[in-house]
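Please treat every number below as a calculation from the coordinates, not as lab data. Keep in mind that this is a model prediction, so the values were computed, not measured. Heads up, the Cβs are rebuilt from the backbone with ideal geometry, glycines too, and the neighbour counts pull from every protein chain shown.
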Amino acid sequence: MQRLFFNSSMPRSGSELLQVILHQNPLIYASSTSPLLEYQYGARSNYNLPEVMSQEPHTMAAAFINMCHGMAHSYYSAITNRPYIIDKNRGWTHYYEWVDQWNMAPKMICMVRDLRSILASFERIYRINRHNPVGPDNPAAIKNMTVVQRVEHWLSTQPIGLALQRTIDTFQRKIDKNILFVKYEDLCNKPDETMNKIYCYLQIEYFQHDFNNIKKQVYEDSKYFGPFGDHSIKPVLKSVKPRDWEDIYEDSSFIVNSNRWYFDVFNYEV
């Protein structure tokens, strides 16, 4: 039986980078952005059908949980024979208790990054795609016309706003102790140490990765995610420039002040 792990993340925080690195290990299949959670969610949305409710509740609950387990493992048995699977989907941590029912004591990795850098990355993508009407700006309604307005928009909508709420919720539900939070900055600046930490958490023997020859081996067509969902990976892992958001904001205090918990919990210097 394959062992299934999960990779969740904040947007633009290196979850795809981590997957590509992990996939170098011949024992690990690290997915691109996966539909497995969406398939499971689709089944869950039909849990209250009359055909379910009319039968014995405990039997139906046990059958559903068993189906979720079987669905996950059957899905990957058709994709790979590697013994370890790391499925990437940003929503996994939000459904931790449900996953725990069909994949006991699940191990989840959650990539995080300085929130100022995440927002700066979105703004850079916005600026290089001005030929493409995909940004949040709306001149007719005079909405999201400035950097500050766009940041505030992203902080309160998908995907950043949703990911922030899901992240703080893991602490409110006290499941954070079961999740390995990995800082993007640590992965880039001290990769061996960070990868060793990940392997220890997953309880898999360490594999020496090549951080100078990073190639995406699991196929994915990023155009379906739009410019803000670009999952391209650079071939060489490079250290992160300190305060790499300063070219975007003259003053980032408005981001810090409205999300102080994030900077405190993940020890980002303000």
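For the chain, relative contact order (Cα pairs under 8 Å, six or more residues apart, normalised by length) works out to 27 percent. For the chain, the membrane-span-like helix rule (DSSP H, alpha carbon extent of at least 15 Å along the helix axis, mean Kyte-Doolittle at least -1.0) picks out 57-77, 115-128, 160-172, 191-202; this says nothing about an actual membrane. Distance from a point 7 Å along Cα→Cβ of VAL265 to each backbone N in the range 10-24: keep the residues under 18 Å and list them by number. 10-15, by backbone N distance to the label point. Between the amide H of PHE181 and those of CYS110, distances stay under 5 Å, these residues lying 5 or more places away or on another chain, with hydrogens modeled in the peptide plane. Treating r as the C-beta distance of ASN257 and GLU38 and R0 as 51 Å, the FRET efficiency rounds to 0.90.
Expected output is a single nm value to one decimal: the length gained when fully extending between PHE225 and SER77, i.e. 0.36 nm times separation in residues minus the C-alpha distance. What is it?
Length gained, PHE225 through SER77: 50.7 nm.
Taking the three principal axes of the alpha carbon atoms in the range 149-198, the coordinate ranges are 38, 27, 10 Å, sorted in descending order. The antiparallel fraction among DSSP beta bridges confined to the chain stands at about 5%.
The simple spin-label model puts a point 7 Å past each Cα toward its Cβ; for HIS58 and ASN132 those points are separated by 5.4 nm.
Taking all Cα-Cα distances within the range 3-116, those exceeding 17 Å account for 58%. Only Lys, Arg, Asp and Glu carry charge here, each on its Cβ (+1 for the first two, -1 for the last two); on that basis the chain has a dipole of about 280 debye about its Cα centre.
Computed from the C-beta positions of GLN217 and LYS238 and an R0 of 25 Å, the FRET efficiency is 0.75 to the nearest 0.05. Would you calculate a helix-derived [θ] at 222 nm for the chain, using -39,500 (n - 2.57) for each DSSP H run of n ≥ 4 and dividing by the full residue count, to the nearest 500? That comes out to -12500 deg cm²/dmol. Based on Cα atoms of the chain, Rg over Rh with Rh as the Kirkwood radius reads 0.98.
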